1. For LYS223, state whether it is of a type in the set (D, E, K, R), modelled with pLDDT of 95 or more and farther than 26 Å from PHE107 by Cα.
2. Could you list, in sequence order, the residues of segment 121-156 that are part of a loop (DSSP other than H, G, I, E, B), in contact with a strand residue (DSSP E or B) (Cβ under 7 Å, 6 or more places away or on another chain) and loosely packed, with under 15 Cβ neighbours inside 10 Å?
3. Pick out, from segment 157-265, the helices (runs of 4 or more DSSP H) lying fully within it that include 3 or more residues that are within 18 Å of the chain's Cα centre (by Cα) and under 30 Å from ASP103 (Cβ atoms).
4. Of the residues that sit in segment 96-105 and are surrounded by 21 or more Cβ atoms within 10 Å (Cβ to Cβ) and aliphatic (A, V, I, L, M), which one is farthest from SER136 (Cα to Cα)?
Amino acid sequence: MNIEMLISTMNQTNYNLIQRMNIKNNAVVINQVTNNNLQIPPNLDEEKLKFINVHDKGLSKSRNMAINNSSGDICVICDDDLFYYDDYINEITTAYEKKAEADVIIFCYDTDGRHKKNFYKEGKWLGYIDLMKVSSVQITFRRNSIIEKNIYFDELFGTGSSHYQCGEENIFLFECLKKGLKIHFEPISILSIDNSNESTWFNGFDDKLFFDKGAVFTALSNKFYHFLIWQFAIRKYKLYRHEINLIKAINSMYKGHKNYLSIHR
């Protein structure tokens, strides 16, 4: 079983991130260059490493380019601020051998020395509600399953998009379920995240965040977007009540809903 890491990064001036991330297997690196003054390394197309420079931006574009340039049996979605534990290859391989019917497997990660994103104490098959909690760096998948179903990240969404700055991973996973793929959760942590880096999209609970969330919820389900908007507004109220009032938050999400429909139709 060939496991391949799909790494999205920006403005790298060398190949050192492979060692920094403790990657020991094949990898595809998409290096989006937005600073023309940088001395960037040349493209590579070697047996274990493809390093591709592109003068573009957008996380979903980067993910899709990595998928299109991949060749592994199992693909692992990666950012550049991750550190993979020494046994990650064995853990991923074992999980797919145990769950031969799984098309996608969601793993855990650690941050600040604590176990994070461990939804359940035991493995289980995930449904739509479960997928609302998943982060992109938890996602692994059988490449053939994704390619055969023509599933990609929606480039309207994600950091660097000209439209909406979040939600691309949830939309991707919803599409997997809608097209009949099976998604399993493994309560095993395979990596840690460096939380010292500032988020590239979260600037607090402002109008833009709620606007984008409204678009995300509509993309997830045009049937249940009302429920998703209201549950988010109520569930997160304690976190944002000092930044924006409830009615304004809900109105911003409905504006995002309408904006998405105007683009998507």
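The values are calculated or read from the model by the stated rules, or taken from the named source; none is laboratory data. Fair warning: this is a prediction, and the values are worked out from it, not measured in the lab. All Cβ positions, glycine included, derive from the backbone under ideal geometry; neighbour counts span all protein chains shown.
1. In short, no.
2. At the first step, the residues of segment 121-156 found to be part of a loop (DSSP other than H, G, I, E, B) are 121-123, 126-127, 132-135, 149-156.
Next cut, in contact with a strand residue (DSSP E or B) (Cβ under 7 Å, 6 or more places away or on another chain) only: 121-123, 126, 134, 156.
Within segment 121-156, LYS121, GLU122 qualify.
3. Once the helices (runs of 4 or more DSSP H) in segment 157-265 are filtered for at least 3 residues that are within 18 Å of the chain's Cα centre (by Cα) and under 30 Å from ASP103 (Cβ atoms), what remains is 168-178, 207-220.
4. Only one residue fits best here, namely ALA102.
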